[in-house]
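Q: Let me give you the structure first, and then I'll get to my questions.
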Amino acid sequence: MTLDPLSRREFVGAVTGSLAAVWVAGAGRPALGSAGRVLEPAQLRDLDALTALILPTDDTPGAREARVVDFIDRSLGSFAAEQRPLFAAGLADLNTRAARRVPGAAGFAALGADDATALLHELDAEHSPFFEVVRVATITGFLANPEYGGNADKAGWKVIGFDDRFVWSAPFGWYDGEGSVEE
């Protein structure tokens, strides 16, 4: 029996939408609007390169176009503040690995595509907690409400076909219209 694999975009749309909603809308979380930058410019560059490999640009926008790094940075200054040490240690480890792979490399962002992808596969194979958190944060930032810093120009919503009308009026669908009840 052969199963058709989901495309990356189908997976993002089908599986992670609910995860993103729970993470962003969790009870008791501080507002993102007042959160400032917590990552250094070099960390932002490395994180941007990492998120761009997780959700690359192809015929649809990716993490860079959605400004996922802005969402992650703001979240680390507010509701995800407890993850700051993990991000700091993870980014430092990423740069150590990058320097081992390509001596003299000025961080992960300076690696070529093949080296960066190989390093990403290495982290994934090791089930790195840092990589898992970055993966979830990337997908969340791609699909979050744009007011939280990511999903710029509603890029993520356009990819999954989400209609961003936050006000709905009846009928909501065929089941709600006149004559929808069979007699």
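The values are calculated or read from the model by the stated rules, or taken from the named source; none is laboratory data. Remember, predicted model here, so these are calculated numbers, not experimental data. The accessibility values were calculated without ligands, DNA or RNA, using every heavy atom of the protein model including side chains. Shrake-Rupley method; radii C 1.70, N 1.55, O 1.52, S 1.80 Å.
Q: Ranked by accessible surface with a 1.4 Å probe, highest first, in what order do D163, D114, D73 come?
A: D114, D163, D73
Q: Follow-up. If you average over every viewing direction, what projected area does the convex hull of the Cα atoms of region 40-133 give, in nm²?
A: Details: hull surface 24.1 nm².
Average of the hull's projected areas for region 40-133 equals 6.0 nm².
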